[in-house]
Every structure is written in C-alpha cells, then in structure tokens.
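Trainee: Let me give you the structure first, and then I'll get to my questions.
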Amino acid sequence: MQARVLGCSGAIAQGCRTTSFLIDGRVLIDAGTGVGDLTLDEMQVIDDVFLTHSHLDHIAALPLMLDAVASRRTGPLRLHALPETIDALQQHIFNGVIWPDFSRLPTPAAPLLSYEPLNVGQCLQVAGTYLEVLPAHHTVPAVGYAVKGPSGWWVFSGDTGGACGDFWDRVNKLPLAALVIETAFSDRESTLARQAQHLSPTTLAQELAHLSAGSRCSIYITHTKPSETELIMQECRRFDASPARNAPVLHDIRWLAAGDLIDF
Ligand SMILES: [Zn+2]
Ligand SMILES: [Zn+2]
C-alpha cells in the first residue's frame, strides 16, 4: 500500500497545500487544496473520500473536484464522514448557495455524491483498502484513520488537541508502520494551540509518550503553519534528541512534504 501526500500544510502559500492523502490511487483521505495537483484522470478514479472533520482546510477541494469530474463519472462519489461532518457539508457547502447540492444532481435518482455516515471504531473495506475509524479530539467532531498495509498500519491522527487516551489505546494494539500526526503550532503559540485544539511540540511529546514500549515506526509531522514550520521543526528535533524525553523509544521523526510517498 502507498499513501501519497497531496497536501500536509496547515495553511496555503506557494508550495504549501492543505491536508489530503491519496491511498493506492483510489481512496482520498481529506480533500484539502493538495487535491488540485491531481490530473483529471487521477481524480476520476477516486470513488471514496474519507473526511476527518468539517474544517475548510480539509474539505476545500471537494466541491471543486466533484465539478471537475462530473462529466466523466458514471456513479456517485461516496463521501464517508461522521454524521456531524455530513450535516455541516449539507448545510454550509452543498446547499445550493455556496455550491450545488450534488447529492441530488444531476438527478436525485443518479446523483454525483452519496453520503456514507461513519462511527468511531468502524472498520470498512473499500476499493481494496481496509480502514478503521479512530477517535480524535478537536473543536468540531473529528476522527483519525488507520489503513492496513502488508507491512503494518498507516495511522493518521487528523486534527487533534491530544489528551486522547482512546486514540492511543487503539493505536497501541495495531502493528504500526507509520504514524502521521499533526503539530500545527510552535510552543510559542501554545495558548492558541490549546484553544484551537491542535498540538504543539510539547503536547506532541506528551502524546507520543503514550506509544507503547517496543513500538517502532516512522513518525511524520503534518499540518504545520507555513510561517512557523522552521520553528516547530527545531522544537521537535530538540525533544526527540533529549535523553530525558518521556517516550519509550527514540523515534525517527520526519517532516512530511507534498509529493512524499509512504509505503506500508
Ligand atoms: Zn481542524
Ligand atoms: Zn486542519
């Protein structure tokens, strides 16, 4: 299995695209602005989109992507998300004001979009991809995802403020290949991070301390604000190198970039 990073930035700027991962070319996890790098042929074969939550940086390209492939598709694109996320999209995006209601167009009997509600803990198999829905704690209802591969699980935290024991309880039961976890703010912005329910390097370290002893996987940092990325990297490297770090093993922390490929 392969996760292709289409976008992994906390905001936009030249070279910075917001969250979106393409799994084996067929399943999209979040639909941030990174989706705009796909060709029409690549977009056309995506039948399933999984959303972590309703925030704009994770859904921005979804309405535009649907429009781009509308004339090429023969069946609906299945949008998998929490019921609260689906409600938010129906009310605020696909409402006939911001964008057409593609769940009823071109005809109610054969629409371009179908809504597929998810529950935390649910396991699904779509397009040859086996996924599990993980809990996340954010300012709106949110989830993360685990995707099974031959060499282990690729786990994505989604947006999270941490203190999420149920997330780690589940993750520690999976043989991990890769953990993609957000660190949206630097410690300088820790108050804002707490209010916005995002991680900063100090709270990231507290979260990683929940990884079970013996767990050894690649850790990828995502969702950094472009203006703070350099500082966040410095702060993360400092704690990763610290002998006093409260974590069971020293992990190899890396920075994700759009275009990266993670095999698992
Ligand atoms: Zn968010
Ligand atoms: Zn976000």
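The values are calculated or read from the model by the stated rules, or taken from the named source; none is laboratory data. Bear in mind the structure is a predicted one, so any value in this text is a computation, not a measurement. Cβ coordinates were reconstructed from backbone atoms using ideal geometry, including for glycine residues, and neighbour counts include every protein chain displayed. What goes into the accessible areas is simple: the full protein's heavy atoms, side chains included, and nothing from ligands, DNA or RNA. Shrake-Rupley method; radii C 1.70, N 1.55, O 1.52, S 1.80 Å.
Trainee: Out of the DSSP beta bridges found with both residues in the stretch 89-231, what percent are antiparallel (nearest 5)?
Mentor: 65 percent
Trainee: Leaving out ligands, DNA and RNA but keeping every protein chain, what accessible area does TRP168 have, in Å² rounded to the nearest 10, with a 1.4 Å probe?
Mentor: Solvent-accessible area, nearest 10 Å²: 10 Å².
Trainee: If you look at just the Cα atoms of the stretch 2-42, how large are its Rg and its Dmax in Å?
Mentor: Cα-based Rg and Dmax for the stretch 2-42 come out at 9.6, 27 Å.
Trainee: Can you give the FRET efficiency to the nearest 0.05 for ASN172 and ASP24, using r as the Cβ-Cβ distance and R₀ = 41 Å?
Mentor: Once rounded, the FRET efficiency stands at 0.95.
Trainee: With a cap of 16 neighbouring Cβ atoms within 10 Å, and only residues DSSP puts in a loop, list the trypsin sites (Lys or Arg not before Pro) found in the stretch 146-175.
Mentor: Here the trypsin sites (Lys or Arg not before Pro) that fit, given the DSSP loop and packing criteria, are LYS173.
Trainee: Take the solvent-accessible surface of the protein heavy atoms, probe 1.4 Å, and return the percent of it on the stretch 56-95 that carbon and sulfur atoms account for.
Mentor: 52 percent
Trainee: Shifting gears a bit: Report relative contact order for the chain in percent, whole number only (criteria: Cα-Cα under 8 Å, sequence separation at least 6).
Mentor: Relative contact order of the chain: 18 percent.
Trainee: Once you have all Cα-Cα distances for the stretch 137-212, histogram them in 5 Å bins from zero and send the whole-percent values.
Mentor: Answer for the stretch 137-212: a P(r) of 3, 17, 27, 24, 16, 9, 3, 1, 0 percent.
Trainee: Let me ask another. Round to a whole number: what % of the accessible area of the stretch 175-243 belongs to carbon and sulfur, probe 1.4 Å?
Mentor: Carbon and sulfur atoms account for 51 percent of the accessible area of the stretch 175-243.
Trainee: Classify the stretch 164-204 as rounded, prolate or oblate from the Cα gyration tensor: take a ≥ b ≥ c as the square roots of its eigenvalues, call it rounded if a/c is under 1.5, otherwise prolate when a/b beats b/c and oblate if not.
Mentor: prolate
Trainee: While we're looking at this one, here's another question. Express the accessible area of the stretch 1-135 per residue in Å², computed with a 1.4 Å probe while the remaining protein chains stay in the model.
Mentor: Solvent-accessible surface per residue comes out at 42 Å².
Trainee: In deg cm²/dmol and to the nearest 500, what is the mean residue ellipticity at 222 nm of the chain if only DSSP H runs of at least 4 residues count, each as -39500 (n - 2.57), divided by the residue total?
Mentor: Result for the chain, helices only: -6000 deg cm²/dmol.
Trainee: For a test of the definition: using alpha carbon positions, the gyration tensor, and the 1.5 limit on a/c, classify the stretch 74-230 as rounded, prolate or oblate.
Mentor: Oblate, since a/c reaches 1.5 and b/c is not below a/b.
Trainee: Follow-up question, since we're still on this one. Give the angle, between 0 and 90 degrees and rounded to the nearest 10, that separates the Cα long axis of helix 83-92 from the longest principal axis of the Cα atoms of the chain.
Mentor: The answer is roughly 60 degrees.
Trainee: With viscosity set to 1.567 mPa s and temperature to 4 °C, compute the Stokes-Einstein D of the stretch 1-132, Rh being the Kirkwood radius across alpha carbon pairs; µm²/s, no decimals.
Mentor: Diffusion coefficient, whole number: 87 µm²/s.
Trainee: Which values, in whole Å and largest first, are the semi-axes of the equivalent ellipsoid of the chain obtained as the square root of 5 times each eigenvalue of the Cα gyration tensor?
Mentor: Equivalent-ellipsoid dimensions as semi-axes: 31, 19, 17 Å.
Trainee: Need the full-extension length gain, ASP41 to ARG254, defined as separation in residues times 0.36 nm minus the C-alpha distance. One decimal, nm.
Mentor: 73.6 nm
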